[in-house]
Amino acid sequence: MSLKELISVARGETPADLLLKNARIVNTFIGEIEQADVAIYGDRIAGVGNYGKAKEIIDLQGKFLAPGLINGHTHIESSMLHPARYAEAVVPRGTLAVVTDLHEIANVCGPEGIKFVTDLAQKLPLDMLFMAPSCVPATHLETSGAKISSKEVKKILAHPKIIGLGEMMNFPGVVSGDEEVLKKISASKGKVIDGHAPGLAGNELNAYLSAGILSDHESFCLWLPIIPIKDASLWWMTLVALIYFGKAILTLWSERLSTEGWSQFAQFRWQRLMLLSISDFIIEGALARVM
Ligand SMILES: [Zn+2]
């Protein structure tokens, strides 16, 4: 396939290899659904628009056509599935790539567990990209199956499919300049470093950011990081607990309303709500604070 041929197919002169006619295309750039055809040549999409000529034409009759979804952060081990079974479950539903932090398998099996998944990933129809686990074990209070030092993190990062350092849960370690934590961050220079810092704000947040960590999947509201909170004082903990409780109420309401409608509104499951809210709070907030 030459560039000249590809351009000619895109212009609509040379027939495409495959033409997907009458698709409803999910245009993720502008957030709209467009009626159009997709001309494919070789392994490339030559054009999206109005096309007529092709070796093979499939009339989609208004079916939706969307780019493959990318799960930007997951731990595939949480699915309790073998990576091949995981791919079997998500690929038919549109997820074609995952960025997975192998924290959990590493916490049990160490570098061997990471090798097991990265080796398997080469053979799957799912594009798997990995983050080197930054905190194995997650806290010193844990009885884990393995410990991963900064030296091992450096080795793991050398794998071409490892694109960065997984969520840096030890945010107190970053903020206080723990040597081992900083070595892991330095080893990841030039790669992505994911964050995990519930409730961090003010200068502590600045310290965390200055280490080159530019994301945080623990953020649960927009305004919390900008209020001047310096420590885990009692009122802070209460505030966070209330926020989690409110979040849990909203989640359950919306779940309940979407499945059963307004008539079932009164049968609200308070036990489940309490459990969800308290466990969310303890796991994400309090435990991280005592690391
Ligand atoms: Zn995570």
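Structure data summary
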| read-out | value |
| --- | --- |
| Any hit, the stretch 35-45, residues being in a strand (DSSP E or B) and either within 16 Å of the ligand (Cβ to nearest atom) or loosely packed, with under 13 Cβ neighbours inside 10 Å (or both) | yes |
| Of residues in the stretch 162-182 being within 17 Å of Asp216 (Cα to Cα) and small (Gly, Ala, Ser), the one farthest from the ligand (Cβ to nearest atom) | Gly173 |
| Single match in Ala106, Ala84 (criterion: more than 16 Å from the ligand (Cβ to nearest atom), in the same structural domain as Lys183 (by TED's automatic domain parsing), of a type outside the set (S, T, N, Q) and more than 13 Å from the chain's Cα centre (by Cα)) | Ala84 |
| Which numbered condition Thr28 misses (of (1) surrounded by 14 or more Cβ atoms within 10 Å (Cβ to Cβ); (2) of a type in the set (Val, Ile, Thr); (3) outside the structural domain of Val192 (by TED's automatic domain parsing)) | (1) |
| Ile185 assigned to a helix (DSSP H, G or I) and crowded, with 18+ Cβ neighbours inside 10 Å | yes |
| Tabulated pairs, the stretch 66-93, first assigned to a loop (DSSP other than H, G, I, E, B), second among the polar types (S, T, N, Q) and surrounded by 13 or more Cβ atoms within 10 Å (Cβ to Cβ), C-beta under 8 angstrom, 6+ apart or interchain | Gly68/Thr95; His75/Thr100 |
| Residue within the stretch 130-137 that is surrounded by fewer than 23 Cβ atoms within 10 Å (Cβ to Cβ), in the same structural domain as His196 (by TED's automatic domain parsing) and away from the ligand (no atom under 16 Å from the Cβ) present | no |
| The listed residue being in the same structural domain as Arg85 (by TED's automatic domain parsing) and in contact with a Phe, Trp or Tyr (Cβ under 8 Å, 6 or more places away or on another chain), out of Leu205, Leu165, Leu141, Leu126 | Leu126 |
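The values are calculated or read from the model by the stated rules, or taken from the named source; none is laboratory data. None of these values were measured; they are calculated from a predicted model. Methodologically, a virtual Cβ is constructed for each residue, glycine included, from the backbone with ideal geometry; neighbour enumeration extends over all protein chains shown.
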